[in-house]
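The structure appears below as structure tokens.
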There are 2 protein chains.
Amino acid sequence: MTPKDLPFSRPEFQRRLTKTRIAMEKAGIDTLFVTDPSNQNWLTAYDGWSFYVHQGVLVFPDEDPIWWGRRMDANGGLRTVWMSDDRVLGYDDSYVQSTTSHPMQDLAARLRAMGRHTGRIGVEMDNYYFSAKAFEVMQAELGDARFVDATYLVNWQRSVKSDEELAFMRKAARISEKIVDGYLDRVEPGVRKNEIAASIFHDAISGVDDIWGDYPGLMPLLPSGKDASAPHLTWDGREFQHGEATFFEISGVYRRYHTPFCRTLFLGTPGDEIRRAEAALVEGLEAGLDAARAGNRTCDIANALAAPLTRAGIERGARCGYGIGLSYPPDWGEHHASLRAEDQTVLEPGMTFHFMPGLWMDDWGLEITESILITENGPAQTFCNRPRKMFVKD
Amino acid sequence: MTPKDLPFSRPEFQRRLTKTRIAMEKAGIDTLFVTDPSNQNWLTAYDGWSFYVHQGVLVFPDEDPIWWGRRMDANGGLRTVWMSDDRVLGYDDSYVQSTTSHPMQDLAARLRAMGRHTGRIGVEMDNYYFSAKAFEVMQAELGDARFVDATYLVNWQRSVKSDEELAFMRKAARISEKIVDGYLDRVEPGVRKNEIAASIFHDAISGVDDIWGDYPGLMPLLPSGKDASAPHLTWDGREFQHGEATFFEISGVYRRYHTPFCRTLFLGTPGDEIRRAEAALVEGLEAGLDAARAGNRTCDIANALAAPLTRAGIERGARCGYGIGLSYPPDWGEHHASLRAEDQTVLEPGMTFHFMPGLWMDDWGLEITESILITENGPAQTFCNRPRKMFVKD
């Protein structure tokens with residue numbers, strides 16, 4: 001047996017497997033093929049930057065999961081998953097980005113050999129790592145199976161965090177605070193944006209004390225001035241300018257667990273428009289935190305936020321948050337509940353969200369956000385502890 | 001019109017569009033829907049970390065392309081693409097990660113409104129960003145269309161680089177060299193791996209002179225000792241140990257263009273086995289570089305590499321390289337030609353590859369690689385210039 005450095009206890013992985021099996025049974029799924037790397041990691045502890053080729057986890061009702069992927073990555077499987085070595089399967093390298101064969105042919109052959117090629121097979125239809133082609137090949141190869149859309153099935157099992165997971169998120173939050181302290185200290189007019197991005201990565205990955213930093217599911221975003229009207233620009237080599245607001249969308253990460261945390265820095269003297277928006281946004285955040293109580297619903301948070309913004313004449317037109325925790329690129333959201341008026345999810349203790357009401361206006365952008373934990377009683381707790389405001393350097 | 005900072009000249013974008021239209025005509029495609037973020041950027045200059053939601057570029061035979069995505073990201077589209085503002089379309093935020101609606105419904109409605117809903121529509125069936133669900137919804141919504149698999153169609157147009165692109169890759173190579181110099185200097189027994197990963201990011205993104213660094217398509221990989229038997233582990237908080245080899249798989253990146261460059265560092269005195277492998281690998285690399293001539297084929301490089309390795313008793317069982325240049329996560333390969341025995345691509349001047357014959361053995365790993373350019377005459381040029389060997393610190 002290969003030596004392991006498992007992130008969580010064996011009972012924690014059993015808890016996850018049991019929850020998933022119950023959800024499979026409810027959905028009438030006999031065999032579940034999990035392609036979302038976050039779901040793979042949550043179920044098996046598999047870790048590695050190998051999701052750029054086809055790979056996945058098979059979950060059965062009655063035996064341990066199997067990790068399946070490219071043969072060279074099976075070595076990573078042996079070193080990271082909690083299952084025994086015989087539960088790690090590799091396919092030949094000739095399948096990789098081939099135009100004459102497809103890895104799903106190998107998976108189908110293995111399912112046939114296991115007698116798991118009939119019945120109802122769950123697949124994550126709307127995941128990045130389950131392409132239209134992968135599904136087409138599976139359908140062609142497994143004519144006796146019925147396919148069931150299991151998009152978000154495992155993601156929903158992840159929505160309430162265990163104490164072990166919350167401990168990881170609290171570590172990530174310490175890194176998030178370090179990142180914020182760093183850029184607030186270093187950004188000045190004339191400093192190049194990529195220099196600040198470089199120091200954000202350095203702070204994030206060097207971590208805090210023995211809390212080593214992992215890579216984030218989203219790269220840091222730090223657009224300035226008019227560029228901040230666009231929510232997802234990264235950085236370039238230009239200098240920070242006097243008279244501009246920059247939002248910094250970052251997250252500390254500990255062993256794939258994220259606590260995103262955004263603040264905005266204005267260099268110079270902010271005008272009335274952005275100051276009024278800041279006041280309404282902070283009022284909305286505080287109202288939302290107060291509404292974020294067990295038994296309330298996700299839409300209650302969104303509606304509490306919207307009231308002061310509407311009074312200030314701001315219509316956001318976008319969701320104001322999403323479930324967070326374990327994630328791999330290209331996202332750090334967990335893809336279950338969203339904070340928005342049309343989402344009716346009942347809040348439970350242990351749920352964690354990025355309460356993220358970014359304002360992306362025509363000429364500027366403003367982000368002041370909190371990663372939050374739903375508690376047994378009272379309003380949400382925030383993971384990070386820094387002033388809830390737009391920072392200003394005059 | 002929104003002010004732009006386009007990475008390339010207008011004629012360069014026209015060249016790309018013309019090449020793509022010729023390939024579309026040859027494949028019998030009337031309308032091409034491009035979801036690969038690298039292909040989107042290559043065709044339109046769209047840039048932003050927004051590919052975690054459905055988005056894409058529509059290419060037509062007879063009018064400018066359209067960038068289509070989430071409404072908030074249309075702001076990023078306006079700021080980055082070369083087309084006029086009316087060629088940027090956004091869909092409502094309620095479609096995002098919804099269980100009751102899908103963004104492809106919006107795309108289908110727009111295609112119908114444009115009269116582009118019939119005929120042959122090309123889609124990238126095996127791309128991360130074209131899920132099984134996206135295709136299912138398109139098929140349901142566009143019953144009068146015929147769908148054509150256009151996987152890798154645009155990627156192949158990217159295989160020969162323009163002079164403008166090669167200038168970007170030469171800038172990226174200077175960053176790659178800086179990264180290598182940095183970790184060779186800093187790594188010592190007792191230094192934590194995440195500290196080195198942090199300084200790799202700092203070197204990569206602070207860049208060289210006015211060459212600002214961009215984020216890589218693959219995160220840095222730096223496994224040590226037995227962990228280096230697995231090719232795609234990232235890092236953790238453990239210390240470097242005396243007596244272990246660590247390979248460093250990194251790439252400098254300038255405006256999305258990559259020149260990956262891997263070296264291995266042994267702390268202590270290497271044993272005979274890894275020394276023999278190093279000698280065979282360097283001999284194979286040099287034979288491969290000599291075989292990498294215009295008119296030869298990709299398999300010639302692979303076969304030239306394999307001969308000395310086979311004599312040393314090493315069977316790799318994996319491809320030894322792939323096309324490189326423009327890329328977004330989760331990969332820095334361009335997904336066209338591979339260097340392997342079964343690939344018959346004829347080498348042309350301007351093609352660029354990561355010649356990457358990693359050795360992942362049972363107890364150790366060794367990576368010595370080169371990013372290469374196929375020239376008019378003579379063997380391949382390397383983008384980076386550092387000794388082609390395993391480095392040793394005793």
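Restricted to strands (runs of 3 or more DSSP E) entirely inside segment B:322-394, those with at least 1 residues that are hydrophobic (A, V, I, L, M, F, W, C) and within 30 Å of A:Y328 (Cβ to Cβ) are B:333-338, B:352-355.
No other residue among B:L233, B:L267 is in the same structural domain as B:V208 (by TED's automatic domain parsing) and out of contact with any helix residue (DSSP H, G or I) (no Cβ under 8 Å at 6 or more places or on another chain) apart from B:L267. Could you check, for segment B:251-260, whether at least one of its residues is in a loop (DSSP other than H, G, I, E, B) and open to solvent by 20 Å² or more (accessible area, probe 1.4 Å)? Looking through segment B:251-260, at least one residue is in a loop (DSSP other than H, G, I, E, B) and open to solvent by 20 Å² or more (accessible area, probe 1.4 Å). Within segment A:41-80, the residues that satisfy the criterion of being crowded, with 19+ Cβ neighbours inside 10 Å, part of a loop (DSSP other than H, G, I, E, B) and out of contact with any Phe, Trp or Tyr (no Cβ under 7 Å at 6 or more places or on another chain) are A:D47, A:G48, A:W49, A:S50, A:Y52, A:V53, A:H54, A:P65.
The residues of segment A:312-323 that are under 18 Å from B:D92 (Cβ atoms) and either open to solvent by 60 Å² or more (accessible area, probe 1.4 Å) or in contact with a helix residue (DSSP H, G or I) (Cβ under 8 Å, 6 or more places away or on another chain) (or both), listed by number, are A:I314, A:E315, A:R316, A:G317, A:A318, A:R319, A:C320, A:G321. Just checking, which of B:L281, B:L289 is open to solvent by 10 Å² or more (accessible area, probe 1.4 Å) and away from chain A (no Cβ under 14 Å)? Exactly one of B:L281, B:L289 is open to solvent by 10 Å² or more (accessible area, probe 1.4 Å) and away from chain A (no Cβ under 14 Å), namely B:L289.
Being in contact (Cβ under 8 Å) with a residue 12 or more places away in the chain and in a helix (DSSP H, G or I) holds for only one residue in A:L17, A:L32, and it is A:L17.
Do the conditions hold for A:A145, that is, is it at the interface with chain B (Cβ under 10 Å from one of its Cβ atoms) and closer than 14 Å to A:F33 by Cα? For A:A145, the condition - at the interface with chain B (Cβ under 10 Å from one of its Cβ atoms) and closer than 14 Å to A:F33 by Cα - is not met.
If we scan segment B:311-322, do we find a residue that is of a type in the set (V, I, T) and within 16 Å of B:L373 (Cβ to Cβ)? Among the residues of segment B:311-322, not one is of a type in the set (V, I, T) and within 16 Å of B:L373 (Cβ to Cβ), which makes the answer no.
Evaluating B:E348 against the criteria (1) over 20 Å from the mean Cα position of the chain (by Cα); (2) touching a residue at least 40 places away in the same chain (Cβ under 8 Å); (3) open to solvent by 20 Å² or more (accessible area, probe 1.4 Å) leaves one unmet condition, (1). The criterion of being open to solvent by less than 10 Å² (accessible area, probe 1.4 Å), farther than 20 Å from A:A230 by Cα and either of a type in the set (F, W, Y) or in contact with a Phe, Trp or Tyr (Cβ under 7 Å, 6 or more places away or on another chain) (or both) holds for A:F353. Count of segment B:180-206 residues, restricted to those that are under 18 Å from B:S371 (Cα atoms) and crowded, with 24+ Cβ neighbours inside 10 Å, is 1. Annotation: of all residues in segment A:301-311 being within 10 Å of A:R340 (Cα to Cα) and either touching a Leu at 6+ places or on another chain (Cβ under 6 Å) or without any contact (Cβ under 8 Å) to a residue 12 or more places away in the chain (or both), the one that is surrounded by the fewest Cβ atoms within 10 Å (Cβ to Cβ) is A:A302.
Residues in segment A:130-162 that are assigned to a loop (DSSP other than H, G, I, E, B) and free of Cβ contacts under 8 Å to residues at least 12 places away in the same chain: A:G143 only.
Apart from one condition, B:T18 fits all of (1) open to solvent by 10 Å² or more (accessible area, probe 1.4 Å); (2) over 20 Å from B:V154 (Cα atoms); (3) among the hydroxyl-bearing types (S, T, Y); (4) modelled with pLDDT of 95 or more; the exception is (2). Inspection of segment B:84-97 finds no residue satisfying the criterion of being at pLDDT 95 or above, polar (S, T, N, Q) and in contact with a Phe, Trp or Tyr (Cβ under 9 Å, 6 or more places away or on another chain).
Within 30 Å of A:L221 (Cα to Cα), touching a residue at least 24 places away in the same chain (Cβ under 8 Å) and within 13 Å of another protein chain (Cβ to nearest Cβ): which single residue out of B:E249, B:E165 fits that description?
From the options B:E249, B:E165, the qualifying one is B:E249.
For segment B:81-129, the candidate set comprises residues that are assigned to a strand (DSSP E or B) and more than 26 Å from the chain's Cα centre (by Cα); within that set, the residue that is farthest from the other protein chains (Cβ to nearest Cβ) is B:G119. Considering B:K226, B:K193, the condition of being in the same structural domain as B:L359 (by TED's automatic domain parsing), touching a residue at least 40 places away in the same chain (Cβ under 8 Å) and farther than 30 Å from A:K193 by Cβ is satisfied by B:K226 alone.
Number of residues in segment B:109-135 that are closer than 30 Å to B:H336 by Cβ and out of contact with any strand residue (DSSP E or B) (no Cβ under 9 Å at 6 or more places or on another chain): the value is 0. The criterion of being in contact (Cβ under 8 Å) with a residue 24 or more places away in the chain, open to solvent by 40 Å² or more (accessible area, probe 1.4 Å), in the same structural domain as B:E188 (by TED's automatic domain parsing) and not charged (D, E, K, R) holds for B:P379.
The values are calculated or read from the model by the stated rules, or taken from the named source; none is laboratory data. Model, not experiment: these values are computed from the prediction. A quick note on method: Cβ atoms are made from the backbone with ideal geometry, for glycine too, and the neighbour counts reach across all protein chains shown. In case anyone asks, the SASA skips ligands and DNA or RNA and just uses the protein heavy atoms, side chains included. Shrake-Rupley method; radii C 1.70, N 1.55, O 1.52, S 1.80 Å.
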